[in-house]
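Novice: Shown below is the structure under consideration.
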């Protein structure tokens, strides 16, 4: 039995936690440069740590503003291509309490083992992000007519 799904789920949980905590060092340790993000509309090549940090800060702040309480990514499948590469697919759920911020969406990821740690080398998803840093669209629920706060 392959350990790839377990490795990928552990990786996804760790990085989601780092983003919600706004823990840049933990997130940075999980990404290799250059990093490739392929979306519905474009392919983004992130080559520098400064660009990666900008993307992390923007995404983490967006989730905070939208009051995301649960950033859940569930593995649908994964396989080891060799000793240092894992490819997998997962579905993302972004929740603010009991409310979905976006409909669930699927992504594919490539992890590379570097210096004894699994790191993302690329992610592909069907969101229509055409720029870096990625911002998740704000969704205002009827129970929150004023919209999100930056508290």
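Novice: What FRET efficiency, computed as 1/(1 + (r/R0)^6) with R0 = 22 Å and r the Cβ-Cβ distance, is obtained for residue 105 and residue 82, rounded to the nearest 0.05?
Specialist: So the FRET efficiency works out to roughly 0.20.
Novice: Note down the relative contact order for the stretch 1-129 as a percent, whole number, built from C-alpha pairs under 8 angstrom at least six residues apart.
Specialist: Relative contact order, the stretch 1-129: 28 percent.
Novice: Okay, next question. For the stretch 48-104, compute Rh as the Kirkwood radius over C-alpha pairs and then the Stokes-Einstein diffusion coefficient at 10 °C and 1.306 mPa s; write the answer in µm²/s, rounded to an integer.
Specialist: Taking Rh from Cα pairs, D becomes 118 µm²/s.
Novice: A further question on this structure: Taking just the alpha carbons, could you work out the radius of gyration and Dmax for the stretch 4-124, both in angstroms?
Specialist: 13.9, 40
Throughout, read-outs are computed from the coordinates displayed, never taken from laboratory work. Being a predicted model, the structure only gives us computed values, none of them experimental. Please note: Cβ atoms are built from the backbone with ideal geometry, for glycine as well, and neighbour counts cover all protein chains shown.
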